[in-house]
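Undergrad: Below: one structure in C-alpha cells.
The values are calculated or read from the model by the stated rules, or taken from the named source; none is laboratory data. Only a predicted model underlies this, so the values are computations on that prediction, with no experimental measurement involved. Ideal geometry is used to build each Cβ from the backbone, glycine not excepted, and the neighbour counts take in all protein chains shown. SASA here: full protein model, heavy atoms, side chains in, ligands and nucleic acids out. Shrake-Rupley method; radii C 1.70, N 1.55, O 1.52, S 1.80 Å.
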Amino acid sequence: MNNILKLGALAAASTLVLAGCAANESVVETPTSAAAGSTETVVELTGTLNGSGASSMAAGQEAWIAAFQIANPGVTVNYDPTGSGTGRAQFMEGATSFTGSDSYWKDEELLEAFPSCEVGTMPWEFPIWISPIAVIFNLDGISSLNMEGATVAGIFAGEITMWNDSAIAAANPGVALPELQITAVHRSDESGTSKNFTDYLAKVAENVWTVGAIEAWPVEYGGEGAQGTSGVVSAVTGGNGTIGYADASRAGDLGTVAVKVGTDFVSYSAEAAAAVVDASPLVEGRESYDLATKIDRNTTASGAYPIVLVSYLMGCNDYADDAQAELVRAWASFLVSEEGQNAAAASAGNAPISAGLRAKAQAIIDAIK
Amino acid sequence: MTDTKPKAVRRLGDVVFANLAFFAGVSILATLATVAAFLFAQSVPAFTGPPIDAASEGFFSYVLPFVFGTVYASVIGLAIATPLAVGIALYISHFANRRFAQVLGYAVDLLAAIPSVVYGLWGILVLAPFLSPTFNWLNANLGWIPMFAGQVSATGRTMLTVGIVLAIMVLPIMAALIREIFLQTPRLHEEAALALGATRWEMIKMAVLPFGRPGIISAAMLGLGRALGETMAVAMVLSPAAVVSFAVLTSTNSNTIAANIALQFPEAGGNYTNLLIATGLVLFAITMVVNMIARWVISRRAEFSGAN
C-alpha cells in the first residue's frame, strides 16, 4: 500500500513537472509577454503555421522557427522535412500553408488548383536557401586544386583515374601531384546534393557526363558510395587520394577544388554562391511573383560559383484563410530578412541570399493577401 | 466421462496466468501477421502503379543484387563468426579457469550491448583504414582468386569489412548460446571419454561437439537472422552499387536489402516507397526460409546428438 502511494505521488509529481514544461512552450502566452511584444509589433500574432518540404533546409528551418517563435510567442510554426516532392504534394492538397522545395513548381503543377489559396489564384515562389556544394579531396599537403568542369566530370565518370593526370596537372602548374589512384566518392542515398552536382557536370561537360542530372549513381561510372553528407566526408577523410562532393559547410580541413568559371578558377564561398543565383536567368513564361531560377552552371560572371543547391519557399498570393496570410507574411518576411538569413547561415553554414534577391522577394511577400 | 472426474478447482491465479501466457503467445503470431499483411498490402502498388525509374528493368532485376548482397554479406559474416564463437565457447566452458571464464563471458555479452550505429562508425573510422593494408596484400598475393580480384578500395569500405563487422555483431549471441550448450554436456560422457584415455581435445571431439552440434547450428541460424537484417552498420560501412559482385575488396559491392531501404527511403516518393517495401517483403521471405531450414536441420540432427 505504502509503495502504491509512493508511486502515485511520483506519478502526480512528474505530471506536474511535465505540465510545467508544456506551459513554457505553449502557444497561448501569459499577458506579460504580450506586453513585451507590443513594444515592437503593433498586433500580436497568434496561430499555427504548418509547412513541409525539402530536407536540405531542415537545419535552417529549425533555426528560423526557434528565432521566429521567440519573437512571436503566440505563433507555432511546424516544418516537416518530408522531401521536396512530398512537400509540394501536401501543399497542393491544402494540408500546409507553405512549402520548401529543392525544385521550382513544375509547369503541370501550376495548372492544378491550390486549395490553400483563394479560388483561381496562384502560388508564389522565390529562392530562400542557397547552399554551395564543395568538391572535397584528401591529398597529403595539398589544400586547393584548380579544375575545369570537364576534369571534375572525368574524375566522377571514372575516366580520369590518376591524380597526376595531365588534365589536372595542366590547371595546377607548380603543384606536385602524386602518382596515386583517384577514388571518387558519391552519395549512396538519393539526394538533392547529387542532383545539383551532376546537373553541373552535365551542363559543363555533356560529352563526358552523359547521363544528365541524377540522384541514383549509375553503376558504369563506378566510384565509391557513402551514406549521407557525413558519410561522404568521412570516406574522403579516411581514404588517401579520395575526392567527393558535400555541403560546403562540412568541408572542414579537407582540400577543396576551385572550378573554372569564365577565365578564372573560383573557390566556393557564400558570396560566390549567392552571385551565381543573381547571375542566372529566371525561368521564362512565369508570372512576376514566380522567381523560379534556372541556375546557369556555365556562367561566366566573375566570382560566381556554379555548384550550388537552391531551394525555394512557396506559398499563396491570396490565402483562403486571411489569418494564414498574415502569419505567412510575417514568417516569410523574417526568412528573407538579413537577420533570418544570417541566423540560418550561422547554424547551417549555407549562403545568405543577396540584397537584390531580398528586395524582389519582399515585394512578393508584401503583396500576400 | 468428464462427469466421473472431480471438477478441477479453477483458482483466480491459474486463470489469470493461463490467459496472460495465452495472449503472450498469440501476440507473437498477431505481430508477425500484421507485419506480413503490411508488407503485402504496401508492396502491391509497386507492381500495379506507374513504372519506377529505379526499377526500369522490372522488380526482379532490381532486387536481385540486393538479395545477393544480403546473403553474401551474411554468409561471410557467419563463416568468420561460427569458428570464433565455437572457440570462445569451448575456451570459456572447458579451458579457462573459472574466474577468468566469468570475466570473458561478461566481456562477450558486453559486445552485444553495443548499438549497431556505433559498430558502423567504428567500421568506417577504425576498422576500414586498419584493414586497408591487409586488403592490398590479399589482392597482391591472392588476387588470382576471384573473391580477392579487382581494384582494391582506397578506403577499405568493402564487402569483407562489412562481413567482419557483421561477424563481430553476431558473435556475442552465438558465443553465449553455444557456451550454454557446451556447459550442458553430460558430465558422465566427458568423464567416460577421459577414463578411456582420451586427451582433452579428443574428449571435446567425442563428447562435447557431437552433443553441442544442434546448438551450434541453431546459434548460427540465430546469428544469420541478425546478420541478414542488419541495417545501420551495413548502410554506413559498405560502398554500394547495384551490381552482383563476388569481389570483396573493391568499392563496387552489392548492397543488402535492409541497407538499401535505409538509404533510399528518406527521399523516396510515390510508389518508389512501395518498391522498397516490396524488397522488404523479399527480405522477410528470405529470413523465414532461413529459419525454416534451421528448424529442419535441428530436428533432423537431434536424434544423432549425444543427448540421448
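Undergrad: Within the stretch B:158-174, can one find any residue that is open to solvent by 30 Å² or more (accessible area, probe 1.4 Å), over 25 Å from the mean Cα position of the chain (by Cα) and touching a residue at least 12 places away in the same chain (Cβ under 8 Å)?
TA: Taking every residue of the stretch B:158-174 in turn, none turns out to be open to solvent by 30 Å² or more (accessible area, probe 1.4 Å), over 25 Å from the mean Cα position of the chain (by Cα) and touching a residue at least 12 places away in the same chain (Cβ under 8 Å).
Undergrad: Turning to a different aspect of this structure: Would a scan of the stretch A:79-86 turn up a residue that is away from every other protein chain (no Cβ under 14 Å) and either crowded, with 19+ Cβ neighbours inside 10 Å or modelled with pLDDT under 90 (or both)?
TA: yes
Undergrad: Please indicate, with yes or no, whether at least one residue in the stretch B:239-256 is more than 9 Å from every other protein chain (Cβ to nearest Cβ), over 23 Å from A:Ile182 (Cα atoms) and of a type in the set (S, T, N, Q).
TA: Yes, the stretch B:239-256 contains at least one residue that is more than 9 Å from every other protein chain (Cβ to nearest Cβ), over 23 Å from A:Ile182 (Cα atoms) and of a type in the set (S, T, N, Q).
Undergrad: For residues in the stretch A:354-363 being assigned to a helix (DSSP H, G or I) and either of a type in the set (Gly, Ala, Ser) or closer than 16 Å to A:Trp129 by Cβ (or both), which is most open to solvent (accessible area, probe 1.4 Å)?
TA: A:Lys360
Undergrad: Name every residue in the stretch B:229-238 that is out of contact with any strand residue (DSSP E or B) (no Cβ under 9 Å at 6 or more places or on another chain), crowded, with 24+ Cβ neighbours inside 10 Å and more than 7 Å from chain A (Cβ to nearest Cβ), in order of residue number.
TA: B:Glu230, B:Ala233, B:Val237
Undergrad: Specify which of the listed residues (B:Pro51, B:Pro45) is within 15 Å of B:Leu276 (Cα to Cα), outside any helix (DSSP H, G or I) and either open to solvent by 100 Å² or more (accessible area, probe 1.4 Å) or in contact (Cβ under 8 Å) with a residue 40 or more places away in the chain (or both).
TA: B:Pro51
Undergrad: I've got another one for you. Would the stretch A:321-333 turn up any residue that is among the aromatic types (Phe, Trp, Tyr), more than 17 Å from the chain's Cα centre (by Cα) and crowded, with 17+ Cβ neighbours inside 10 Å?
TA: Checked the stretch A:321-333: at least one residue is among the aromatic types (Phe, Trp, Tyr), more than 17 Å from the chain's Cα centre (by Cα) and crowded, with 17+ Cβ neighbours inside 10 Å.
Undergrad: Is it the case that the stretch A:65-77 has a residue that's modelled with pLDDT under 90 and touching a strand residue (DSSP E or B) at 6+ places or on another chain (Cβ under 8 Å)?
TA: no
Undergrad: How many residues are aliphatic (A, V, I, L, M) and farther than 23 Å from A:Glu215 by Cα when one looks only at the stretch A:126-146?
TA: Number satisfying all stated conditions: 3.
Undergrad: Yes or no: A:Thr46 away from every other protein chain (no Cβ under 14 Å), open to solvent by 60 Å² or more (accessible area, probe 1.4 Å) and modelled with pLDDT of 85 or more?
TA: yes
Undergrad: Which one is nearest to A:Glu44 (Cα to Cα), of the residues in the stretch A:71-105 that are β-branched (Val, Ile, Thr) and part of a strand (DSSP E or B)?
TA: A:Val75
Undergrad: Report yes if B:Pro146 is closer than 19 Å to B:Ser251 by Cβ and within 14 Å of chain A (Cβ to nearest Cβ), otherwise no.
TA: So B:Pro146 does not fit the description; no.
Undergrad: Could you please give the count of residues in the stretch A:335-352 that are open to solvent by less than 10 Å² (accessible area, probe 1.4 Å), of a type in the set (A, V, I, L, M) and assigned to a helix (DSSP H, G or I)?
TA: 3
Undergrad: Here is a check on your reading of the model: is A:Asp199 within 11 Å of another protein chain (Cβ to nearest Cβ), touching a residue at least 12 places away in the same chain (Cβ under 8 Å) and of a type outside the set (A, V, I, L, M)?
TA: Spelling it out, it is not the case that A:Asp199 is within 11 Å of another protein chain (Cβ to nearest Cβ), touching a residue at least 12 places away in the same chain (Cβ under 8 Å) and of a type outside the set (A, V, I, L, M).
Undergrad: Still on this structure, I have one more. Could you list, in sequence order, all residues of the stretch B:257-291 that are away from chain A (no Cβ under 14 Å) and aromatic (Phe, Trp, Tyr)?
TA: B:Phe284
Undergrad: Among the listed residues B:Val297, B:Val244, B:Val289, B:Val248, identify the single one that is surrounded by fewer than 19 Cβ atoms within 10 Å (Cβ to Cβ) and in a loop (DSSP other than H, G, I, E, B).
TA: B:Val244
Undergrad: Scan the strands (runs of 3 or more DSSP E) fully inside the stretch A:200-304 and keep the ones with 2 or more residues being buried (at least 18 other Cβ atoms within 10 Å of the Cβ) and not hydrophobic (A, V, I, L, M, F, W, C).
TA: Result: A:224-226, A:242-247, A:255-261.
Undergrad: Being open to solvent by 20 Å² or more (accessible area, probe 1.4 Å), more than 14 Å from chain A (Cβ to nearest Cβ), at pLDDT below 95 and farther than 28 Å from B:Ser239 by Cα narrows it down to one of B:Val71, B:Val103, so name that one.
TA: Being open to solvent by 20 Å² or more (accessible area, probe 1.4 Å), more than 14 Å from chain A (Cβ to nearest Cβ), at pLDDT below 95 and farther than 28 Å from B:Ser239 by Cα holds for just one of B:Val71, B:Val103, which is B:Val103.
Undergrad: Right, another one. Return the residue satisfying two criteria in turn: it lies in the stretch B:87-96 and is of a type in the set (Gly, Ala, Ser) and in a helix (DSSP H, G or I), and of such residues it is nearest to the other protein chains (Cβ to nearest Cβ).
TA: Of everything passing the filter in the stretch B:87-96, B:Gly87 is nearest to the other protein chains (Cβ to nearest Cβ).
Undergrad: Under 30 Å from A:Asn50 (Cα atoms), within 14 Å of chain B (Cβ to nearest Cβ) and surrounded by 15 or more Cβ atoms within 10 Å (Cβ to Cβ) - does that describe any residue in the stretch A:157-177?
TA: no
Undergrad: Report the residue count in the stretch B:175-192 for those that are of a type in the set (Gly, Ala, Ser) and open to solvent by 10 Å² or more (accessible area, probe 1.4 Å).
TA: Within the stretch B:175-192, residues that are of a type in the set (Gly, Ala, Ser) and open to solvent by 10 Å² or more (accessible area, probe 1.4 Å) number 2.
Undergrad: Here are the criteria: (1) at positive phi; (2) in a helix (DSSP H, G or I). Tell me which single one B:Ile217 does not satisfy.
TA: That leaves (1) as the condition not met.
Undergrad: Could you list, in sequence order, the residues of the stretch B:2-29 that are closer than 21 Å to B:Met288 by Cβ and either touching a Phe, Trp or Tyr at 6+ places or on another chain (Cβ under 9 Å) or among the β-branched types (Val, Ile, Thr) (or both)?
TA: B:Val26, B:Ile28
Undergrad: Residues being more than 7 Å from every other protein chain (Cβ to nearest Cβ) and without any contact (Cβ under 8 Å) to a residue 24 or more places away in the chain: count how many of those fall in the stretch A:225-240.
TA: 1
Undergrad: Which residues, counting only those in the stretch B:200-214, are open to solvent by 10 Å² or more (accessible area, probe 1.4 Å) and closer than 28 Å to B:Met292 by Cβ?
TA: B:Leu209, B:Pro210, B:Phe211, B:Arg213, B:Pro214
Undergrad: Please state which one of A:Gly212, A:Gly222, A:Gly262, A:Gly252 is in contact (Cβ under 8 Å) with a residue 12 or more places away in the chain, more than 9 Å from every other protein chain (Cβ to nearest Cβ) and more than 21 Å from A:Tyr305 (Cβ to Cβ).
TA: Testing whether each residue is in contact (Cβ under 8 Å) with a residue 12 or more places away in the chain, more than 9 Å from every other protein chain (Cβ to nearest Cβ) and more than 21 Å from A:Tyr305 (Cβ to Cβ) leaves just A:Gly212.
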